[in-house]
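Q: Quick one: structure below, then a few questions.
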Amino acid sequence: MSELKTTARLAGLSYLGLAITGMLGFLLLRPMIFDPADAANTAANLVDKEVLARLTIALELGVVLTQALAAIWFFKLFRLVNPVTAGSIAAFGLVNAIIILVSSAAMVTALKVALTPSLAPGGDVAATVQLMFAISAAAWQVGMLFFGLWLIPMGYVTLTSNWMPKGLGYVLMVGGVGYMLSCFATVLLPANFGWVAELLPLPATVGEFWMIFYLLIIGVRPKAEAASA
């Protein structure tokens, strides 16, 4: 296997890890702990479901780790095609990893306060825990801006390199714009229009899984390997 294809496989594997940790931690387990409508219930869940809470935090740290690794491997993969674009993918991906790290720190703090009530300002454990989770949720919301920025140069270099299907490049770029618009929609639109923010990133999901499986199964087109050599 050529070095270029090995790099593509590692980028795909990191990206798959990012998808898995994100879906399990943020989409599946987190709602079992965080009740946005009931602060007391959130605090109780952290105590009663401590193992689940710790697993949720561990998966979120997994998001940080795999995002950072994916940023590095994508840079190595595309640096020969366009170093500026490859650097942009890496930079935006690493910034997104840092943003999710802030979310992880807020969740760790929430768990510590729930288990050690004396840490809560004014003794209000429920309010403190709920605030930490609100900060965590806000980090994910604003992080969509940089996740969109990470997809746009990825789509552009996919489109211009001819190493992968051009359709993939277009879908990634549209998905990146969707993520960015979703970020602004959560800030600008009333709460009853939350469905708009949820629909906008859907093209990105298609493009991301397309990219993941293309990297894992095919890697890059044979002529890309020849050109690299």
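Q: Compute the semi-axes of the equivalent ellipsoid of the range 67-135, taking the square root of 5 times each eigenvalue of the Cα gyration tensor, and list them largest first in whole Å. Walk me through the numbers on the way to the answer.
A: Working: eigenvalues 316, 16, 7 Å².
Square roots of five times the eigenvalues give 40, 9, 6 Å.
Q: Would you mind calculating the relative contact order of the range 94-171 from Cα pairs under 8 angstrom and at least 6 residues apart, reporting the percent as a whole number?
A: This gives 27 percent for the range 94-171.
Q: Counting alpha carbon pairs within less than 8 Å and at least 6 residues apart, what relative contact order, in whole percent, applies to the range 1-96? Show your work: numbers first, answer last.
A: Details: 90 pairs, mean separation 32.6, N = 96.
Relative CO of the range 1-96 lands at 34 percent.
Q: Kindly report the accessible area of the range 1-40 per residue (heavy atoms of protein chains, probe 1.4 Å, no ligands, DNA or RNA), in Å². Kindly include the intermediate steps, with their values, before the conclusion.
A: On the way: 1960 Å² over 40 residues.
Ligands and nucleic acids excluded, the result is 49 Å² per residue.
Q: Please report, as a whole percent, how much of the solvent-accessible surface of the chain comes from carbon and sulfur atoms (probe radius 1.4 Å).
A: Details: 7950 of 10660 Å².
Taking all protein chains in place, the chain shows 75 percent carbon and sulfur surface.
Q: Then there is this: Step by step: find N for the chain, compute 2.2 N^0.38 Å, then divide the Cα radius of gyration by it. What's the final number? Intermediate values should be presented prior to the final figure.
A: Values: Rg = 19.4 Å, N = 229, 2.2 N^0.38 = 17.3 Å.
Normalised Rg, Cα atoms only: 1.12.
Q: If you don't mind, another one. Return a single number: how many Lys pairs in the chain, at a sequence separation of 8 or more or on separate chains, have alpha-carbon atoms below 22 angstrom apart. All intermediate terms of the calculation are to be shown ahead of the outcome.
A: On the way: Lys5/Lys76; Lys5/Lys166; Lys5/Lys223; Lys49/Lys112; Lys76/Lys166; Lys76/Lys223; Lys166/Lys223.
So the count of such lysine pairs works out to 7.
Q: If you don't mind, another one. Give me the number: length gained by fully extending Thr205 to Asn82, i.e. 0.36 nm times residue separation minus the C-alpha to C-alpha distance, one decimal in nm. Write down the numbers at each step before the final one.
A: Values: separation 123, 0.36 × 123 = 44.28 nm, distance 2.46 nm.
Difference between extended and current length: 41.8 nm.
Q: State, to one decimal in nm, how far the label point of Thr116 lies from the label point of Ile20, with both points 7 Å from Cα in the Cβ direction.
A: For the pair Thr116/Ile20, the computed spacing is 3.4 nm.
Q: Which value at 222 nm does the chain reach when only helices count, each DSSP H run of 4 or more adding -39,500 (n - 2.57), with the total divided by all residues and rounded to the nearest 500 deg cm²/dmol? Before the final figure, lay out the partial values.
A: Working: 10 runs with 185 residues, N = 229.
My calculation for the chain gives -27500 deg cm²/dmol from helical runs alone.
Q: Lys and Arg at +1, Asp and Glu at -1: add these up for the other residues within a Cβ distance under 15 Å of Ala126 and post the number. Don't skip to the answer; put the middle values down first.
A: Values: positive: Lys112; negative: Asp35, Asp38, Asp48, Asp124.
For residues surrounding Ala126, the net value is -3.
Q: Normalising by the residue count of the chain, find the relative contact order in percent from Cα pairs under 8 Å and 6+ residues apart.
A: Values: 347 pairs, mean separation 49.5, N = 229.
Across the chain, relative contact order equals 22 percent.
Q: Right, here's the next one. Using +1 at the C-beta of Lys and Arg and -1 at the C-beta of Asp and Glu, which of Met107, Ala138, Ser88 has the Cα lying farthest in the positive direction of the dipole of the chain?
A: Toward the positive end, the furthest listed residue is Ser88.
Q: A further question on this structure: How big is Rg to Rh over the range 1-59, alpha-carbon atoms, Rh as the Kirkwood inverse-mean-distance radius?
A: Reported Rg/Rh (Cα atoms, Kirkwood Rh): 1.28.
Q: Select from the chain the helices, each a whole stretch of DSSP H, whose alpha-carbon atoms run 27 Å or more along the helix axis and whose Kyte-Doolittle mean is at least 0.5; answer none if there are none. Intermediate values should be presented prior to the final figure.
A: Values: long enough: 3-22 (28 Å, 0.58); 50-78 (42 Å, 1.52); 83-115 (48 Å, 1.81); 125-161 (53 Å, 1.44); 166-188 (33 Å, 1.43).
Sorted by number, the helices that extend far enough and score high enough are 3-22, 50-78, 83-115, 125-161, 166-188.
Q: Another question, then. Based only on the alpha carbon positions, what is the Kirkwood hydrodynamic radius of the range 127-229, in angstrom? Please list the in-between numbers first.
A: Values: mean 1/r = 0.0665 Å⁻¹.
The Cα-based Kirkwood calculation yields 15.0 Å.
Q: How much length would be gained if the chain were fully extended between Trp195 and Glu50, taking 0.36 nm per residue of separation minus their Cα-Cα distance, in nm to one decimal? Present the calculation step by step, with values, prior to reporting the outcome.
A: On the way: separation 145, 0.36 × 145 = 52.20 nm, distance 3.13 nm.
Here the answer is 49.1 nm.
Q: For Ala58 and Thr6 in the same chain, what is the full-extension length gain: residue separation times 0.36 nm, less their Cα-Cα distance, in nm? Could the numbers behind the result be given before it?
A: Numbers: separation 52, 0.36 × 52 = 18.72 nm, distance 2.78 nm.
Answer, rounded to one decimal: 15.9 nm.
Q: Taking loop as defined by DSSP and a crowding limit of 15 other beta carbons within 10 Å, which trypsin sites (Lys or Arg not before Pro) in the range 42-145 fit?
A: Numbers: sites: Lys49, Arg54, Lys76, Arg79, Lys112; in loops: Lys49, Arg79.
Hits after loop and neighbour filter: Lys49.
Q: Let me ask something additional. Between Phe213 and Phe184, what's the calculated FRET efficiency when r is the beta-carbon distance and R0 is 35 Å? Round to 0.05.
A: On the way: r = 30 Å, r/R0 = 0.86.
Computed FRET efficiency for Phe213 and Phe184 comes out at 0.70.
Q: Over the range 53-150, give the accessible area per residue in Å² for a 1.4 Å probe, as an integer. Don't jump to the answer; show the numbers that get you there.
A: Numbers: 4100 Å² over 98 residues.
Accessible area per residue, the range 53-150: 42 Å².
Q: Could you list log10 I(q)/I(0) for the range 89-128 at q = 0.20, 0.22, 0.29, 0.32 Å⁻¹, which the Debye formula gives when each Cα is one point scatterer?
A: Each listed q maps to, in turn, -0.60, -0.65, -0.87, -0.96.
The values are calculated or read from the model by the stated rules, or taken from the named source; none is laboratory data. What you are looking at is a predicted structure, and each value in this text was computed from that prediction instead of being measured. Every residue, glycine as well, gets a Cβ built from its backbone with ideal geometry; the counts of neighbours run over all protein chains shown. For the accessible areas, the whole protein counts, side chains as well, though only heavy atoms, and no ligand, DNA or RNA atoms are used. Shrake-Rupley method; radii C 1.70, N 1.55, O 1.52, S 1.80 Å.
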